[in-house]
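One structure is given here, and the rest of the page talks about it.
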Amino acid sequence: MPAKAALPLRLLTVALCLVPAAAFSQATASKMDGIALSNDKPIHIESDKLEIKDKENRADFTGNVVATQGTTMLKSNTMTVYYKSSGNASGGAMANAGNGDIDRILVNGSVVLNSGTQSATAETGHFEMAQQLIVLEGKQVVLSDGNNVFTGCRLTVHMETGQAQLDSCGGRVQIQLDPKSRTK
């Protein structure tokens, strides 16, 4: 990313108005209304292989995993879905899977999360359903909203509120803002 001095004064002024002060340190916070999961829409999952481990209350999807729910799409190499224990010795996790009893989801390898104009890429991620929390991590986590691009190492999204935080890789987060994307 070019140094601040190389940015045109007008773009720098727009950036300073749009970006919280925390962005110039090690993290930035933003609003991400688009990336969220919903309990009222069906989830469609495709993968090369599915292995159900009922006694462990989990399902392992491997190979070209694509999960969609409404306008949100998740891609990864692998995805492990952990279900809440049913407490039923004969029913198991998959018997209740349709009831929205997902506890958490782990994704690994070439993770891409798209929803509307927002997109995020990472190496790994996890979705904590009770806390309504998405965490994406990697050497370089890239969040884009239209032509605006944010880069760091850890993206945390609180699905209920849409609040998001991007943490750096020990240095600083990087932000590229398109002045044309600014609302007038």
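Quick notes on this structure:
- Restricting the range 150-184 to residues that are assigned to a loop (DSSP other than H, G, I, E, B) and among the polar types (S, T, N, Q), the residue that is surrounded by the fewest Cβ atoms within 10 Å (Cβ to Cβ): Thr183
- For the range 135-165, the tally of residues that are over 20 Å from Thr72 (Cα atoms) and touching a Ser or Thr at 6+ places or on another chain (Cβ under 7 Å) stands at 4.
All of the numbers you see were taken from the coordinates with simple rules; none came from a lab. Quick caveat: nothing in here was measured; it's all calculated off a predicted structure. Neighbour counts are summed over all protein chains in view; Cβ atoms, including those assigned to glycine, are modelled from backbone coordinates with ideal geometry.
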